[in-house]
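Below is one structure, written out as structure tokens; comments come after it.
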Amino acid sequence: MSEPDVSGALAIAITEALPIGLFLVDTNGQITYANVKAHEVFGYEENGLTGHLVEDLIPQRLRETHRAVRIAYSKDPVDIAMSGGRVLPGLTRDGSEVDLQIGITPLTAEYTLISFIESTNEIIKPSSAHDPLTGLPNRRLFDESSDALRNLAIRNKSDVSLLFIDLDNIKAVNDRFGHATGDSLICEVATLLEDNLRESDLIARVGGDEFVMCLYGMGARDSLEKLAKTLIDKISAIRNVDGHQIIAGASIGAIITHTPQTSSIKKLVGIADGLMYEAKKAGKGRAVIKEV
């Protein structure tokens, strides 16, 4: 028996029948092909996705960062298996978000194949890049995205800032009201921090009660100081969690660099972490800022 011919129309029929979404994307990030499952996931009619940029299908707050990541990836493309790849939110046609497990396969110098599936789908077990309690990016996703943001700042001769935020009094909340209330406080702070982000900023939960933020183009130390004070004031204003009267607070270490090419994100996080401990030793509920 001869081998079946899987070229041409048959190959297309196979990709159209797959239970996994597929995009063929060119070097400009434009979708040149999307299969049936892709249209189903994003809520578009047949051929409705062709011609869109991949950033059109990502929430507005993440587009600039994603664009920087995509450009950096195109310069050094590697296979990223879906089973070990990133989980990213997609933006459907009706404006809702869906978490997607992403795989990336460079095919030629001009085209990349993106495969994806809903993170709730049992076909493949997703490896989440998000903190399970707050839904924020975890340290792995933050490291990847912040490196891309740093590269963008280098190209544009802009600045990068890092804030390391540690909650004050979380142990007292846990001891008095239980860890469930402590977790509720952490989630409330996570939402507060997200609400104070610009579209170009990044945030992650990196420890039990620790958060780190990476900011692009703050411009001046005064702007960073103002933001840190605003965050401390808003966190300190939290008084009721799960029906319990609590005392909340935060200490922040922050650094801004106008020469991001001279320092890695890891180094900047380490400096901000050290400055946060200086704030703790100085009496908590304050920020220590450094400019380099």
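The values are calculated or read from the model by the stated rules, or taken from the named source; none is laboratory data. Keep in mind that what you see is a predicted model, and the values were worked out from it rather than measured. Cβ sites come from the backbone with ideal geometry, for glycine too, and all protein chains shown count toward neighbours. Side chains included, ligands, DNA and RNA excluded: accessible areas come from the protein's heavy atoms. Shrake-Rupley method; radii C 1.70, N 1.55, O 1.52, S 1.80 Å.
Please work out how much length the chain gains when fully extended from Asp175 to Glu46, using 0.36 nm per residue of separation minus the C-alpha to C-alpha distance, in nm with one decimal. Walk me through the intermediate numbers first.
On the way: separation 129, 0.36 × 129 = 46.44 nm, distance 5.60 nm.
Answer, rounded to one decimal: 40.8 nm.
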remark   = For Leu100, other-chain or 5+-apart residues with amide H closer than 5 Å (H placed, Pro excluded) are Leu88, Gly90, Ser119
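Counting only protein heavy atoms, what percent of the accessible surface of segment 233-292 is carbon or sulfur at a 1.4 Å probe? Present the calculation step by step, with values, prior to reporting the outcome.
Working: 1560 of 2980 Å².
In segment 233-292, the share of accessible area belonging to carbon and sulfur is 52 percent.
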query = Once you put a point 7 Å from the Cα of Thr230 and another 7 Å from the Cα of Arg139, both along the Cβ direction, what distance in nm separates them?
reply = 2.9 nm
request  = Starting from the residue with the highest accessible area, list Glu45, Glu188 in decreasing order, probe 1.4 Å.
outcome  = Glu45, Glu188
task = Any of Lys171/Lys266; Lys226/Lys267; Lys157/Lys226; Lys229/Lys284; Lys234/Lys267 with alpha carbons more than 19 Å apart? Name them for me.
result = Lys171/Lys266; Lys226/Lys267; Lys157/Lys226; Lys234/Lys267
request  = Express in whole angstrom the spacing between the alpha-carbon centres of segment 213-292 and segment 13-71.
outcome  = 37 Å
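I'd like to compare 89-102, 165-178: which one has the highest average count of other Cβ atoms within 10 Å, and what's the full order after that? Walk me through the numbers on the way to the answer.
Working: 89-102: 16.0, 165-178: 18.0.
Result, highest mean Cβ count within 10 Å first: 165-178, 89-102.
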ask   = How far, in degrees from 0 to 90, does helix 63-75 lean away from the longest principal axis of the Cα atoms of the chain, to the nearest 10?
value = 60 degrees
key: FRET E, pair Glu291, Thr27, Förster distance 25 Å, beta-carbon r, rounded to 0.05   = 0.10
query = Tilt of helix 179-195 relative to the longest C-alpha principal axis of the chain, in degrees (0 to 90, nearest 10)?
reply = 70 degrees
request  = At 1.4 Å probe size, with every protein chain present, just tell me what the per residue accessible area of the chain comes to in Å².
outcome  = 49 Å²
remark   = Descending accessible area (1.4 Å probe), largest on the left, turns Lys229, Lys75, Lys234 into Lys75, Lys229, Lys234
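For the chain, report the convex hull volume of the alpha-carbon atoms normalised per residue, in Å³, without decimals.
Numbers: hull volume 43.5 nm³, N = 292.
Dividing the Cα hull volume of the chain by its residues yields 149 Å³.
Is it possible to state the helix-based mean residue ellipticity at 222 nm for the chain, with each DSSP H run of 4+ residues giving -39500 (n - 2.57), the sum divided by total residues, to the nearest 500 deg cm²/dmol? What is it? Intermediate results must be reported in sequence, preceding the final value.
Values: 8 runs with 104 residues, N = 292.
Result for the chain: -11500 deg cm²/dmol, rounded to the nearest 500.
In square nanometres, what is the average projected area of the Cα convex hull of segment 191-292?
Details: hull surface 27.3 nm².
Value for segment 191-292: 6.8 nm².
How do 133-144, 243-254 rank on mean C-beta neighbours within 10 Å, highest first?
On the way: 133-144: 18.3, 243-254: 19.8.
Top to bottom by mean Cβ count within 10 Å: 243-254, 133-144.
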task = Show Glu64, Glu210 ordered by accessible area, largest first, where the area counts protein heavy atoms only and the probe is 1.4 Å.
result = Glu64, Glu210
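Using r as the Cβ-Cβ distance of Ala13 and Gln60, and R0 as 25 Å, what FRET efficiency do you calculate, to the nearest 0.05? All intermediate terms of the calculation are to be shown ahead of the outcome.
On the way: r = 36 Å, r/R0 = 1.44.
With a Förster radius of 25 Å, E is 0.10.
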inquiry  = If you fit an axis through the alpha-carbon atoms of helix 221-236 and take the longest principal axis of the Cα set of the chain, what angle between them do you get, 0 to 90°, nearest 10?
reply    = 80 degrees
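Using a ≥ b ≥ c from the Cα gyration tensor of segment 120-245 (square roots of the eigenvalues), is it rounded, prolate or oblate, where a/c under 1.5 gives rounded and otherwise the larger of a/b and b/c decides, a/b for prolate? All intermediate terms of the calculation are to be shown ahead of the outcome.
Details: a/c = 2.72, a/b = 1.25, b/c = 2.18.
It is oblate, given that a/c is not under 1.5 and a/b is not larger than b/c.
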request  = List the residues whose amide H sits under 5 Å from the amide H of Arg286, counting only those 5 or more places along or on another chain, with H placed 1.01 Å from N in the peptide plane.
outcome  = Ile252
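Set the Förster radius R0 to 30 Å, insert the Cβ-Cβ distance between Lys266 and Thr108 as r into 1/(1 + (r/R0)^6), and round the FRET efficiency to 0.05.
Details: r = 34 Å, r/R0 = 1.12.
Computed FRET efficiency for Lys266 and Thr108 comes out at 0.35.
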note = The simple spin-label model distance between Asp76 and Glu97, using points 7 Å out along Cα→Cβ, in nm, is 2.9 nm
ask   = Could you give me the ³J(HN,Hα) list for segment 27-43, computed from phi with Karplus coefficients 6.51, -1.76, 1.60 and θ = phi - 60°, whole Hz, x at Gly and Pro?
value = 5, 8, x, 8, 7, 9, 7, 9, 8, 4, 4, 4, 5, 5, 4, 8, x
